[in-house]
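The values are calculated or read from the model by the stated rules, or taken from the named source; none is laboratory data. Everything numeric in this text was worked out from a predicted model, so none of it was measured. Here the Cβ positions follow ideal geometry from the backbone for every residue, glycine too, while neighbour counts run over all protein chains shown. Protein only, heavy atoms only, side chains kept; ligands, DNA and RNA dropped before computing areas. Shrake-Rupley method; radii C 1.70, N 1.55, O 1.52, S 1.80 Å.
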Amino acid sequence: MDDLADVRDFYRDFADREAKGESLTFQRWAAGVAQDPEVLELLSGLPVPKRQPNLVFAAARWHGAVTSADPDYADLRTVLLEDWPAVRETILARSTQTNEVGRCATLLPVLAGLEGPLALVEVGASAGLCLHPDRWSYRYVDATGAQVARLDPAGGASPVVLDCTVRGPLPLPAAIPEIVHRGGVDLNPLDLASGDTADWLQTLVWPEHEDRRARLAAACRVVAGHPVDIIRGDLLTGLDEAVARAREAAPEATVVIFHSAVIAYLDEGGRDRWPGIVGAVVQQVRDDGGRAHWISNEGARVLPSVSATAGCAQTGPDFCLALDARALGWSHAHGRHLTWC
Ligand SMILES: C[S@@+](CC[C@H](N)C(=O)[O-])C[C@H]1O[C@@H](n2cnc3c(N)ncnc32)[C@H](O)[C@@H]1O
């Protein structure tokens, strides 16, 4: 396998498929990297999971690569070549743990359809922002932009308002469900109160996505003082313990195991095993007389057996949103829209 060619193709693909239409900076940067043998050489010296554009670009920005309305590949190149030891250290020390609170807008219609109260168990929770769906306001609009539903937390409107355009026969949530437990598991749970964690999360948000950055900052303020119970560990082995804690903390609640933008990080063997593992845990809770469900919100190719159950065609590069291994629809990766099948 030719490492250099692999990295080149990876960046070219990222520029054309992922960054295009989302971030002009990342589109130009990735296209620039794909044509730059000197930079490709540096990147191909990294461990494979560390070569991804999201991580490399965030590390470069962390070390001063500037972004502008008319982005220039030279700004990235200079930092990578002149400051490589420091950038490399950041790439190796940190990872892409983007915590996207907007995903709650596409999860809410599924959560609201379950019998409450809910005990949430998020695998790959990052800093746990998606464990607080009851602390945000939601504004659902149809394709014409007309509001079709507005929901606020019990205590009143939240400073974090999630906008989501909906299509298809979506069961609009009538109310925000009651959450009585917030836990999960992550390889590296992030504590928003510690050091520069919140700054790193801000840097992971793509340059042009100012609205997401502002929302992230507001969400961090809202959850301050509301700790969550995230176990440090691998989801393949840590799920049992996280669910046991949920059952102990809230025995009468419905356990909801969920994840978004996580399973792609597993190797192929892990991805193949995951539906069986989570299915067995759900069944165990039910056999014990409890209620449990599994919600997945992942790229279409990540859990192919789940995506294959979709009753309508994938919309663009959207995620497959599913309940108990049955696809319900297609959701924008950051929660901007949802198509219900
Ligand atoms: C892109 S972030 C998504 C965070 C959150 N689910 C969200 O939607 O905002 C992926 C998270 O999955 C975690 N992760 C990746 N592989 C994992 C594994 N094998 N076990 C547990 N967590 C994992 C990472 O540490 C990271 O925090």
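The single residue among 207, 153, 117 that is more than 16 Å from the ligand (Cβ to nearest atom) and surrounded by fewer than 17 Cβ atoms within 10 Å (Cβ to Cβ) turns out to be 117.
For the range 128-143, filtered to residues that are open to solvent by 10 Å² or more (accessible area, probe 1.4 Å) and at pLDDT 95 or above, the residue that is farthest from the chain's Cα centre (by Cα) is 142.
Tell me, which residue of the range 42-57 that is in contact with a helix residue (DSSP H, G or I) (Cβ under 7 Å, 6 or more places away or on another chain) and farther than 21 Å from residue 205 by Cβ is surrounded by the most Cβ atoms within 10 Å (Cβ to Cβ)? Per the stated criteria, the residue is 43. Selection of first residues in the range 129-158 that are within 26 Å of residue 259 (Cβ to Cβ) and among the aromatic types (Phe, Trp, Tyr) and of second residues that are within 16 Å of the ligand (Cβ to nearest atom) and in a strand (DSSP E or B), restricted to Cβ pairs under 6 Å at least 6 apart or on distinct chains, gives the following pairs, ordered by first then second residue: 136/162; 138/162; 140/164.
Say we look at the range 68-88 and pick out the residues that are within 14 Å of residue 31 (Cβ to Cβ) and not in a helix (DSSP H, G or I); which of these is most open to solvent (accessible area, probe 1.4 Å)? The extreme case among them is 72. Taking the stated definitions as given, is residue 245 more than 12 Å from the ligand (Cβ to nearest atom) and under 19 Å from residue 280 (Cα atoms)? Yes; evaluated as a whole, the condition is true for this residue.
Kindly indicate the residue of the range 56-109 that is of a type in the set (Gly, Ala, Ser) and under 24 Å from the mean Cα position of the chain (by Cα) and also farthest from the ligand (Cβ to nearest atom) among those meeting that condition. Only one residue fits best here, namely 60. Scanning the range 247-295 for residues that are assigned to a helix (DSSP H, G or I), under 21 Å from residue 187 (Cβ atoms) and open to solvent by less than 30 Å² (accessible area, probe 1.4 Å) turns up 263, 270, 274, 278, 281. Counting residues in the range 120-132 that are assigned to a helix (DSSP H, G or I) and either away from the ligand (no atom under 12 Å from the Cβ) or closer than 24 Å to residue 277 by Cα (or both) gives one or more. The residues in the range 16-36 that are surrounded by 18 or more Cβ atoms within 10 Å (Cβ to Cβ) and at pLDDT below 95 can be counted, and the count is 3.
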